[in-house]
């Protein structure tokens with residue numbers, strides 16, 4: 001009995017990871033229907049672990065179930081996105097303050113290196129045509145940078161909250177191509193400099209400006225795409 005439960009949990013985890021990966025890579029775009037039976041057939045498993053995985057993804061905010069519509073990749077409203085930007089600003093400004101207060105010299109050097117790498121990637125991508133897989137790598141690098149700032153603060157609860165919010169925002173932007181915009185030169189480098197200033201107020205202000213950058217453009221792009 002215990003072995004059976006462990007196997008079921010393992011299958012549910014496999015299904016969760018596979019479906020989530022497909023969503024984050026844009027292989028299952030916003031509004032895509034998600035059939036339990038079809039997913040079970042694709043993943044070569046029963047419907048039970050797939051149902052468990054879909055429930056977890058719904059709790060994450062990546063999918064939604066509605067009467068007469070069924071289960072699908074969640075289509076956020078503009079208000080949803082605005083709300084998550086508000087939450088993101090609150091979470092990440094606190095992360096910035098804590099980083100400025102607590103980060104070690106080694107962690108500050110690491111963040112500066114990560115920022116330089118990320119800015120270089122954005123510069124390389126500007127004005128060029130890239131595959132969805134290449135954009136996904138840039139998307140992941142961006143997420144890693146912000147998560148590393150949070151990790152250096154030392155609070156798991158903060159990391160979990162930021163990761164969930166970041167994944168939703170970056171997935172929505174990635175899926176609509178709204179994050180494939182040009183970033184200002186040294187955009188993350190300037191943020192890293194403020195984070196490493198060891199001044200919580202400077203770090204807080206810089207992160208708030210960073211989070212707000214391009215927000216109106218993103219909302220306009222999203223509203224245009226979802227109104228079609």
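Just so you know, all these numbers are worked out from the coordinates, no wet-lab data involved. Note that the structure is predicted; figures quoted are calculated from it, not measured. Using ideal geometry, Cβ is built from the backbone for each residue, glycine included, and neighbour counts are taken over all protein chains shown.
Looking only at residues in region 78-109 that are without any contact (Cβ under 8 Å) to a residue 24 or more places away in the chain and either surrounded by 18 or more Cβ atoms within 10 Å (Cβ to Cβ) or within 17 Å of the chain's Cα centre (by Cα) (or both), the one that is farthest from residue 206 (Cα to Cα) is 80. Those residues that are assigned to a helix (DSSP H, G or I) and either farther than 17 Å from residue 58 by Cβ or more than 15 Å from the chain's Cα centre (by Cα) (or both), I need them from region 20-47; list them, please. Within region 20-47, 36, 37, 38, 39, 40, 41, 42, 43, 47 meet the criteria.
Residues in region 110-131 include none that are touching a residue at least 60 places away in the same chain (Cβ under 8 Å), within 22 Å of residue 222 (Cβ to Cβ) and either surrounded by fewer than 18 Cβ atoms within 10 Å (Cβ to Cβ) or under 12 Å from the mean Cα position of the chain (by Cα) (or both).
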